[in-house]
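Student: Here it is, the structure in full.
Readers should treat all values here as calculations from the given coordinates under stated rules, not as data from a laboratory. All values derive from a computational prediction rather than experimental measurement. Here Cβ is always computed from backbone atoms with ideal geometry, including for glycine, and neighbour counts include all displayed protein chains.
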């Protein structure tokens, strides 16, 4: 008999999942965050060299299902959430100058299958207008403490983590070498005992974070690690649309050099940033991995009822 | 010859590196959220049995290895060469003592085995998980002693020495696990 219909997560695990979802909602609700929902299927996609969104054809004629507009399954709800901030959180007379929003949604990333990866996973993402870099990290540390009860997170700069655990200065390394050392040598030491917030990334790894000038300049980007597992990624958000346009262009050039498809460089996020995105900090957390560290599960397949092979 | 891209990498894949066939025995996908996909692979050399750990990045490629497992029958030994026959095509293959390794212990005429071919050349052989072999020589059995945890060496018809319980006698047929080389049970007396 084919046993593939069976879930890979136990019923007890599904109960723990539900409890953790509730705890996260309570954390944000009690701080005045508004829970929102935005599209999973969008005309826009985050333009990142190493994120490959899945493509969907929005056909109009079911007799020709491969003809129609190209839409993308979201790799994170970042664009739509920032559009809400630009619309409702800016300037005098705006409906809410201290707008804070969060959502818990499914996101998709092509080609990512492994012990810590499933192409479809659950993301918790939040933004708060007015938060600077430090406030963004404080909020993430509070969330980790509130959900996992492992004490106050240790703060560690990216450069210090590489010096300490890989005995190297990351400033002199290529991005690929950084990723290799990060996964093979550095990550395993992070978040042991208490959580670790890694921050001040190399500027070349800024994604949608601001870059703080200095020598060297660093990206105001932070990540949460627990038990050696990357759980969350946050930014002091980039506000300048010209900088984002340049990063999108560079990422597409790199994607083409890698033999990958191009992604749309213009987006409604850029239009929103042209209009004006309020200063804010935001963060995205992989909920399935949070369940893993909270329960001691060894793989993401243990916390998802139907991972991709059985979906 | 086809190629596998990193997206195809998975446990069990047979690939070719520097002209030699390898089995991908472990594959770990790792990726920082915003970073490069990294594929940590453990590769077993199918000719020498050695293992190799290699790291590939998203977009890398490996050549596939033309490796095929074919059902065969053991025919005979000639000097240090063991001769097998493909039971479907009747092709004959020769493997050396080094290629056979410890499995010579189980090779009795007519034994069904599988032979691994790389580019149509035999490179290794796997016996079935269990074989039945007759005891050719051993010290006399202790009557009534049915304990299986006390053993003595016995020589079976292939010339190999196996550890068997004290009650085993010459002429008995034993079932042996070829993966561990251990006695399982007495099949007949």
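Student: Considering only DSSP beta bridges where both residues belong to the protein assembly as shown, give the percentage that are antiparallel (nearest 5).
Tutor: In the protein assembly as shown, DSSP labels about 95 percent of beta bridges as antiparallel.
Student: Calculate the spin-label point distance for residue A:271 paired with residue A:157, positioning each point 7 Å from the Cα along the beta-carbon direction, and give it in nanometres.
Tutor: Spacing of the two 7 Å Cα→Cβ label points: 4.1 nm.
Student: Continuing with this model, one more query. Relative contact order for the stretch B:67-126: what percent, with Cα pairs under 8 Å and sequence separation of 6 or more?
Tutor: So the answer I get is 39 percent.
Student: Turning to a different aspect of this structure: Place a point 7 Å from Cα of residue B:91 in the direction of its Cβ. Which residues in the stretch B:47-65 have their backbone N less than 17 Å from it?
Tutor: B:65
Student: For Cα pairs less than 8 Å apart in space and 6+ apart in sequence, what is the mean separation divided by the residue count of the stretch A:11-310, i.e. the relative contact order in percent?
Tutor: Reported relative contact order: 21 percent.
Student: Averaged across the residues of B:19-32, what count of C-beta atoms belonging to other chains lies within 10 Å of each residue's C-beta?
Tutor: That works out to 3 on average.
Student: If you count, for every residue in A:111-117, the Cβ atoms of partner chains within 10 Å of its Cβ, what is the mean?
Tutor: Taking the mean over all residues of the peptide, I get 5.
Student: Next question. For a protection proxy built on the mean count of beta-carbon atoms within 10 angstrom, sort B:43-54, A:35-46 highest first, please.
Tutor: Ranking, from highest mean packing down: A:35-46, B:43-54.
Student: Assuming R0 = 35 Å, can you tell me the calculated FRET efficiency for the pair residue A:299 and residue B:150, based on Cβ-Cβ distance, to the nearest 0.05?
Tutor: 0.20
Student: Separate question: Which number comes out as Rg/Rh for chain B once both Rg and the Kirkwood Rh are worked out on C-alpha atoms?
Tutor: Reported Rg/Rh (Cα atoms, Kirkwood Rh): 1.12.
Student: Please work out whether chain A counts as rounded, prolate or oblate from its C-alpha gyration tensor, where a ≥ b ≥ c are the square roots of the eigenvalues and a/c under 1.5 means rounded, while otherwise a/b larger than b/c means prolate and anything else oblate?
Tutor: Taking the square roots of the gyration eigenvalues as a ≥ b ≥ c, chain A is rounded.
Student: If you find the alpha carbon centre of the stretch A:15-39 and of the stretch A:174-194, how far apart are they in angstrom?
Tutor: Distance between centres, Cα-based: 30 Å.
Student: Would you calculate, for chain B, the mean residue ellipticity at 222 nm contributed by helices, counting each DSSP H stretch of 4 or more residues as -39,500 (n - 2.57) and dividing by all residues, to the nearest 500?
Tutor: Counting only the DSSP helices, I get -500 deg cm²/dmol.
Student: Å³ per residue of the Cα convex hull, for the stretch A:1-101?
Tutor: Here the figure is 195 Å³ per residue.
Student: Please compute the modelled spin-label separation between residue B:51 and residue A:212, points set 7 Å along Cα→Cβ, answer in nm with one decimal.
Tutor: 4.4
Student: Measure off 7 Å from each Cα along the Cα-to-Cβ vector at residue A:37 and residue A:12, then give the distance between these two points in nanometres to one decimal.
Tutor: 3.3
Student: Which three numbers, in whole Å and largest first, are the semi-axes of the equivalent ellipsoid of the stretch B:3-64 derived from its Cα gyration tensor as √(5λ)?
Tutor: 21, 12, 9
Student: Could you compute Rg(Cα) / (2.2 N^0.38 Å) for the stretch B:67-126, with N its residue count?
Tutor: Normalised by 2.2 N^0.38 Å, the Cα Rg of the stretch B:67-126 equals 0.97.
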